[in-house]
Amino acid sequence: MRKWLLMLICTLSFLSAIVPSGAFEKIEPTTFAPLYKADVRVDPAGKRVTGSVEIRFWPKDASHAYLHLYPLTFTEEHKDDLWDELLGKHAGLGTYDSNRITVQGKPVAFKRIQDVIEVPLVSAKASEPVMLKLYFDMTLPQNEGRMSYDEHSLWLGNWLPILAVFDKAGWHLDPYEPIGDPFFSENAHYQVNVTLPAAYQLASTATDKAATVDSSVQGEKTYRLQAMNVRDFAMVVMDSTYHSLEDKVGGTNVRTWYRDKDFDTQAKQTHFAAVEALRYFNSQFGDYPYTEYDVVRTGGSINGMEYPSIVFLDGRHFTQEGNSGIVTAVHETAHQWFYALVGNNQVEEAWLDEGFAEYASLAFLSDKYPRLGASRVLGRLEHGTTVSSYAQEKLRPWQPLRAFPDNESYSALVYSRTTSMLWKLREVWGEERLHEVLRRYVNNYRFGTASGAEWKAHLSRAAGEDSSAFLDYWLNADWSQKDAAEEWLQRQRQNQRNLGQPIQDGTIEK
């Protein structure tokens, strides 16, 4: 007991020494979360990022730690249609050199396994922190994906080394996949120093406006950034053609970044949608805890990509007329609850964040943009309720990314079918009750991770009866459960008429 108390005191003292006052104002600290301390230099002309990252963590496996180095994926060619869809047919390779790693200050030999490295820990104890430091030098790949560049910006998604998750199932060492978001990470604290040419600016997971900026060296500046209790750290480095729109929602500054030659109307409507979506999700699923949220226009054709406190939207949303910027900004903003606040294994259970984020985005669009919302709902219901052909191929929402043969099946099952399931529940329970159940789910797993089994238990408690048949039909595409799933909904409809309000957690039997 004394040992753990000493660890707690030491950890909080260490964090208080590096974090500015007020940084924890809205974010509850995770006592034994890892701390990443990175020092990096970005060369936009050379498309190069160099530096080091030191990770302080309490090992769950005394013999080894594993790090995902996702940039390694793009140092090798990938030749098939799915990779072409993600990266483009003319993708250029990057480079990544990480030939020096130390543990407790001493060099160690490591082993590479695809885009993961295995690092030996010598006599590590779970009660004592390990200090692992990695030095790296990378040039960015040229592609259409999450980490690349164009003439005005460098966008860095999944660029920093990150600890692999170790849980009751063991180590999660899944490689990068061309379908979905092939990531699984736990919350940590970040202290990142970024040195740039003086003419450049950045937006990141951190509260950038609160950063200390050191301009003492002529021709460059260094941002000293802090991000607490987040599950990844992303950023975009931008030249002077970028400008931002800004509004405040509660305690959060919302900034939308766009370029000189983009359509002002598209930038403004995208920004408005992000602001109003954040406001709506605050009211429905609980307050957003971070003090800054950036929506950043990038190059590429990724459509949209979520990270904690920052999302990427590709340039098509800012240079073409239409509502795509609204739809994408809202969906990525919903991910700030279903991914950033409540994490999950996106490799094994993609439906748990993508389907929930898409449902939340449709709920908002139906409220704020009724015609657009109605069209989107009808489209998802059409695709989500007519998937029998996929079931015949033994495809379903609740399966790992590698089991999806193409992006069409992934979209129909992970997005449309999961969204349809929640929309059917909304039709029975009503928006207020469903959103209260989702709000309690977010609150229960806030800053942590949830599994499909935990959602099933949560839903069963809220419903007052076992939800297995309902979920098997919708998420496992088990057509033998179709009648049982409909009967479950009918009982829920009758119970809702009788009760008129949600059942509270803890008042029913499992």
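Bear in mind that the values in this text are calculations on the coordinates, not laboratory data. Because the structure is predicted, anything quoted here is derived from the model rather than measured. Glycine also receives a Cβ, built like all others from the backbone with ideal geometry; neighbour counts cover every protein chain displayed.
Points to keep in mind about this one:
- Inter-label distance, nm, simple model (7 Å from Cα along the C-beta direction), residue 476/residue 90: 4.8 nm
- Potential lengthening of the chain between residue 239 and residue 264 amounts to 7.2 nm, from the contour at 0.36 nm per residue minus the alpha-carbon distance.
- Between residue 403 and residue 248, the C-beta separation translates, for a Förster distance of 35 Å, into a calculated FRET efficiency of about 0.20.
- Of all aspartates and glutamates in the structure, those lying under 12 Å Cα to Cα from residue 424, and not within fewer than 8 positions of it along the same chain, are 486.
- Among beta bridges identified by DSSP and lying wholly in the chain, the antiparallel ones come to about 80 percent.
- Inter-site label distance for residue 451 and residue 113 at 7 Å from Cα along Cβ, in nm: 1.9 nm
- For volume of the Cα convex hull per residue in Å³, calculated from these coordinates, the label among (1) 198; (2) 145; (3) 154: (3)
- In whole angstrom, segment 351-499 maps to an equivalent ellipsoid with semi-axes of 22, 19, 17, each derived as √(5λ) from the alpha carbon gyration tensor and ordered largest first.
- Dipole check for segment 351-499: with +1 at the C-beta of Lys and Arg, -1 at the C-beta of Asp and Glu, and the Cα centre as origin, the magnitude is about 360 Debye.
- Legend: calculated FRET efficiency, residue 388 to residue 106, from the Cβ-Cβ distance at R0 = 51 Å, rounded to 0.05, equals 0.30.
- Cut-off under 5 Å, modelled amide H: who pairs with residue 93 long-range: 142
- Simple point charges give the picture: +1 on the Cβ of Lys and Arg, -1 on the Cβ of Asp and Glu, and for the chain a dipole about the Cα centre of about 1260 debye.
- With the simple model of a label 7 Å out from the Cα in the direction of the Cβ, residue 62 to residue 303 spans 4.7 nm.
- Selection from 140, 443, 430 lying farthest towards where the dipole of the chain points positive, charges on Cβ: 443
- You can think of it this way: the chain between residue 126 and residue 487 has 125.1 nm of extra reach, that is 0.36 nm per residue less the Cα-Cα gap.
- Sites residue 319 and residue 375 - FRET efficiency at Förster radius 35 Å, r taken between beta-carbons, to 0.05: 0.95
- Net charge dipole size for segment 63-180 [Lys, Arg +1 and Asp, Glu -1 on Cβ; Debye, nearest 20]: 820 debye
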